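Here is the structure we will look at, set down as structure tokens.
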Amino acid sequence: MDSTTDNPAVDSFVDEARELLEALEGQLLDLEASATSEQLDAVFRILHTVKGSGAMFGFTVLAGFTHHFEEAFDHLRKGRLSVDLALVDLCLNARDHMIALLDLGGDGAEATALAGSPEAARILEALSRLTGNPAGNETAVVPEAAGTAPGCAALRRWQIVFRPDRDALRQGMRPDLLIDELTGLGQAEVRLDTGSLPLLEALDPEECHLAWEITLLTDRPRADIEGVFIFADDASIQITQADPDAVIPDAVIPEASTMSPEAGPADGSAGLADGAAPADHVAPAGQAAEPSTPGRAPAGLVRATGRPAESVRVPSAKLDRIMDQLGELVIAQARLNQLASEVAQAELEAVVETVERLVTGLREEMLSIRMLPIEGVFGKFRRVVRDLAGELGKEVDLLTTGGETELDKTVLDQLSEPLVHMIRNAMDHGIEPAAARAAAGKPALGRIRLDARQEGGEVLITLMDDGRGLDLEAIRAKGIDRGLIAPDAMPSEAELQRLIFTPGFSTAQSLSSVSGRGVGMDAVNTTVEALRGTIDVTSTRGRGTRVTLRLPMTMAIMDGLLVRLGTTVLVIPLAVIEECVEMDVPEAERASGRRTLQIRDTLVPFVALEEVLDLQADAAQRRRVVVVRTGSGRIGLMVDDILGQNQTVIKPLGAYHRDLPGLAGATILGDGSIALIIDVGTLFRSTLGPDDVPQRTAA
Amino acid sequence: MSMGQPTVEVDGLAAPRPQGALQTLLVFRLAEERFALPVDDVVEVIEPTSATPVPHGPPHSRMLVNVRGVITPLIDLRQRLRIPPTDGAIANRFVVLDILLDGTTQRIAFAADEVETVLEADGTALEPMPRLASRWPATLVQGVCRDAVGVIFLLYPDRLFDPADMAG
């Protein structure tokens with residue numbers, strides 16, 4: 001994805017193909033449960049599009065491979081094969097291979113090598129086995145062709161005028177491959193129109209002045225013909241159905257796909273003769289170029305193809321820039337509000353109110369553009385679970401709910417990896433082997449449930465399994481072994497459970513390929529903290545484990561609590577704050593050796609924030625403590641004062657301050673001053689070791 | 001976001017850029033010494049504004065300032081040039097520059113005791129820095145030029161503001 005070419009047309013193909021193939025994965029997995037003809041058609045369309053446009057944009061190895069895949073799938077679509085587990089496996093592997101070919105960025109030594117790899121050969125062989133012994137007689141089979149309009153299975157004659165735009169060749173369009181693909185749909189007569197060619201001295205060899213007129217006899221629906229031109233956005237394309245009444249019965253003509261794909265005018269005519277089609281149903285080449293006369297083709301059928309303008313593709317960097325500007329606007333707005341309230345002039349205030357309303361609306365609109373349903377990420381996990389279940393020899397069912405919950409694209413992009421870690425952990429460590437499950441009186445089928453829902457400005461993602469739960473004794477032993485807890489310590493269940501997020505911590509007895517390298521949960525924790533989220537784990541022995549991620553809906557704007565230390569104002573993300581308490585300093589001093597604060601029946605450790613950050617504070621007698629959740633438990637941050645809540649536009653720190661621990665960025669306040677945003681996760685990673693953040697439950 | 005930040009007029013700042021070996025320099029003072037940087041990178045010269053300390057910020061950039069809505073690190077040139085901080089001088093101006101760091105433009109600012117002028121210097125008239133006489137890190141000084149007032153040390157902006165160089 002990062003390997004962009006300097007050709008926007010190719011980039012756009014790669015982007016679209018990737019999206020299609022990502023969708024394909026989910027669709028293939030769906031087939032396992034049910035395979036309606038609509039579903040099969042949808043898969044077929046994807047394969048067909050990737051094949052056609054791949055060839056067009058210099059991905060001929062990909063197109064070649066896809067051709068075999070498509071052909072095999074066509075048998076499935078026509079009901080000659082039935083879907084089973086092995087077949088879905090094969091299709092998934094073939095799809096992965098297509099992604100790999102796509103990632104190589106087009107034809108080349110690498111693509112050829114990959115196409116020649118044993119893995120590729122294995123897939124191709126399996127595919128050809130599928131096509132090699134199709135059941136029944138080809139011509140006798142009437143395609144079910146659901147999803148296509150009734151009657152489309154019969155042959156129809158289409159007249160197509162294809163005139164690429166002048167820049168088409170420069171943008172990498174290959175009209176020859178396109179025409180090849182079109183003629184592959186059925187029997188075709190192709191005529192080249194050189195009428196617009198300029199004189200030789202005026203000819204720019206890189207410009208395209210040619211047009212093609214094609215008469216196509218095919219049983220495919222119009223959408224398939226349009227599909228050929230799917231990436232030829234700027235070309236002028238007319239597709240007209242000739243003689244709508246003259247439907248040629250399917251049985252008379254051999255199936256289109258059996259025709260030679262190189263069907264030129266001569267081949268096409270020969271094919272027609274073989275097929276005993278009435279000769280007058282195919283217009284001679286000259287006539288084919290003419291627009292259909294009224295009465296022969298219904299009006300309105302002539303139209304340029306191309307995507308309907310329902311959505312616009314925008315590079316996400318552009319959205320980021322707009323978001324930045326909007327951030328500036330929000331800051332300027334805060335400043336304007338402050339000035340207006342100082343001036344106290346009614347007319348000005350009215351305008352300021354209007355501007356504020358507009359800015360708020362604009363911000364919400366902009367944020368919603370960046371929001372994507374979490375479903376896109378969830379879809380990938382079905383594959384993970386399926387593959388892993390096979391590898392581990394466990395039966396596991398993944399149930400996802402709340403896929404429609406929306407998250408900012410930035411958050412979503414980084415979420416998939418930690419969730420995969422979590423699912424792997426649940427399957428490897430959580431779900432027991434079938435025998436153990438039976439012994440425990442559980443059904444053999446392990447269940448993992450992934451749920452997402454919105455709660456205020458946060459999204460909660462919960463992963464639950466009905467496995468064996470965390471083995472707290474093993475965790476305790478490991479913790480002592482690693483020196484993370486004292487041998488005589490009596491850590492609470494919650495404390496032990498949190499240990500699994502410690503770097504390098506793993507209780508797995510043996511390393512499997514799946515997990516047990518002890519990087520998993522630590523990596524999850526790091527990513528979640530970087531996203532300004534928190535993670536919680538609860539587990540019941542023998543019953544299962546539940547991991548909950550809390551994530552902000554967006555990264556660009558957040559709710560923060562403004563706190564003061566001396567003259568410095570800081571922002572603490574509201575998402576990590578549990579509560580705020582007041583305290584007298586003498587109490588802090590009494591507790592000096594071990595600074596803990598009693599909140600109801602728990603003792604919470606706290607630090608003086610000015611000491612952690614090396615800043616000046618008033619250090620008055622009465623101070624405030626903000627209790628926050630961190631990766632290693634709750635901790636209090638003592639500050640001079642709490643100034644209030646505010647919506648904060650987060651600005652990243654520049655090259656000079658990027659890697660400073662404890663800082664997530666900065667923001668500009670209404671009065672124009674700068675406030676730094678505290679990153680609770682890294683704040684304590686840098687200043688305190690795990691031993692320094694004790695958490696005791698009062699007896 | 002221009003409140004409290006009027007751009008300070010510097011003589012000749014708007015002068016067109018000359019051709020050839022001539023270089024247009026912004027001359028400023030730090031601790032009674034005169035330094036210069038190419039004017040091309042300079043965005044504006046502003047009056048000092050309140051700065052926000054960066055917890056655990058590196059010695060060369062401990063502060064952030066808000067320059068027209070952009071959060072801008074304030075680079076400590078005294079620290080860079082090893083000029084003792086306690087000579088009683090007060091920064092009268094912030095010089096704001098756009099520099100290129102890893103392919104992206106980063107806005108930075110530094111405090112100067114005074115911004116004197118903009119002058120055109122003939123590149124060929126640039127004298128090398130006398131090695132032994134160098135009070136400043138030699139790698140940061142391109143050379144010495146002179147005007148009617150006296151000596152000016154021309155600095156390398158790339159090295160002066162390079163975060164890697166600062167850390168090392």
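The values are calculated or read from the model by the stated rules, or taken from the named source; none is laboratory data. Just so it is clear, the model here is predicted, and its values are computed rather than measured. Virtual Cβ from ideal backbone geometry, glycine too; neighbours counted across all protein chains shown.
Things to note:
- Long-range neighbours under 9 Å by Cβ, at least six apart or interchain, first residue over 21 Å from A:Ser53 (Cβ atoms) within region A:105-131, second exposed (fewer than 12 other Cβ atoms within 10 Å of the Cβ): A:Ala126/A:Ala86
- The set of residues in region A:459-486 that are in a loop (DSSP other than H, G, I, E, B), among the charged types (D, E, K, R) and modelled with pLDDT under 85 comprises A:Asp471, A:Arg482.
- Meets criteria (part of a strand (DSSP E or B), surrounded by 16 or more Cβ atoms within 10 Å (Cβ to Cβ) and within 14 Å of chain B (Cβ to nearest Cβ)) for A:Thr667: yes
- Condition broken by B:Arg29, with the remaining ones in (1) modelled with pLDDT of 90 or more; (2) outside any strand (DSSP E or B); (3) not β-branched (Val, Ile, Thr) satisfied: (2)
- A:Asp584 meets each of the listed conditions (1) under 28 Å from the mean Cα position of the chain (by Cα); (2) modelled with pLDDT under 85 apart from (1).
- Test for A:Leu511: is it more than 28 Å from the chain's Cα centre (by Cα) and at pLDDT 80 or above: no
- So A:Ala340, is it modelled with pLDDT of 85 or more, crowded, with 18+ Cβ neighbours inside 10 Å and either within 14 Å of another protein chain (Cβ to nearest Cβ) or out of contact with any Leu (no Cβ under 8 Å at 6 or more places or on another chain) (or both): yes
- Leading residue by the ranking (farthest from the other protein chains (Cβ to nearest Cβ)) among those in region A:605-617 that are closer than 25 Å to A:Ala675 by Cβ and in a strand (DSSP E or B): A:Phe606
- Here region B:48-86 is the region considered, the condition is being surrounded by fewer than 21 Cβ atoms within 10 Å (Cβ to Cβ) and hydrophobic (A, V, I, L, M, F, W, C), and the residue that is farthest from the other protein chains (Cβ to nearest Cβ) is B:Ile83.
- Filtered residue count, region A:92-111, keeping only those that are of a type in the set (A, V, I, L, M), closer than 17 Å to A:Phe13 by Cβ and assigned to a helix (DSSP H, G or I): 6
- The single condition among (1) in a loop (DSSP other than H, G, I, E, B); (2) modelled with pLDDT under 85; (3) of a type in the set (Lys, Arg) that A:Arg498 does not meet is (1).
- From the list A:Arg624, A:Arg634, the one residue that fits, being in a strand (DSSP E or B), away from every other protein chain (no Cβ under 14 Å) and modelled with pLDDT under 90, is A:Arg634.
- Within region B:32-77, the set of residues being out of contact with any Asp or Glu (no Cβ under 9 Å at 6 or more places or on another chain), farther than 14 Å from A:Leu676 by Cα and not in a strand (DSSP E or B) comprises B:Val39, B:Asp40, B:Glu47, B:Pro48, B:Thr49, B:Ser50, B:Pro58, B:Asp76, B:Leu77.
- Residue within region A:428-447 that is out of contact with any Pro (no Cβ under 7 Å at 6 or more places or on another chain), within 15 Å of A:Leu549 (Cβ to Cβ) and of a type in the set (A, V, I, L, M) present: no
- Test: residue in region A:73-95 that is under 19 Å from A:Gly172 (Cα atoms), among the small types (Gly, Ala, Ser) and surrounded by 21 or more Cβ atoms within 10 Å (Cβ to Cβ): no
- Selection of region A:379-400 for residues being in contact (Cβ under 8 Å) with a residue 24 or more places away in the chain, of a type outside the set (D, E, K, R) and touching a helix residue (DSSP H, G or I) at 6+ places or on another chain (Cβ under 9 Å) yields A:Gly379, A:Phe381, A:Val384, A:Val385, A:Leu388, A:Ala389, A:Leu392, A:Gly393, A:Val396, A:Leu398, A:Thr400.
- With respect to the conditions (1) outside any strand (DSSP E or B); (2) away from chain A (no Cβ under 14 Å); (3) modelled with pLDDT of 80 or more, B:Ala89 lacks only one, and its number is (3).
- Looking only at region A:436-479, residues that are of a type in the set (Lys, Arg) and free of Cβ contacts under 8 Å to residues at least 12 places away in the same chain come to 1 in all.
- Cβ pairs under 7 Å, 6+ apart, first in region A:356-377 and without any contact (Cβ under 8 Å) to a residue 24 or more places away in the chain, second surrounded by 15 or more Cβ atoms within 10 Å (Cβ to Cβ): A:Glu356/A:Gln333; A:Glu356/A:Asn337
- Taking the conditions (1) modelled with pLDDT under 85; (2) under 24 Å from A:Ala530 (Cβ atoms); (3) surrounded by 19 or more Cβ atoms within 10 Å (Cβ to Cβ) in turn, A:Val607 satisfies each one other than (1).
- For region A:647-664, the set of residues classified as part of a strand (DSSP E or B), more than 9 Å from chain B (Cβ to nearest Cβ) and surrounded by 19 or more Cβ atoms within 10 Å (Cβ to Cβ) consists of A:Thr648, A:Val649, A:Ala664, listed by residue number.
- Residue match in region B:92-113 (condition: hydrophobic (A, V, I, L, M, F, W, C), touching a Lys or Arg at 6+ places or on another chain (Cβ under 9 Å), away from chain A (no Cβ under 13 Å) and surrounded by fewer than 21 Cβ atoms within 10 Å (Cβ to Cβ)): no
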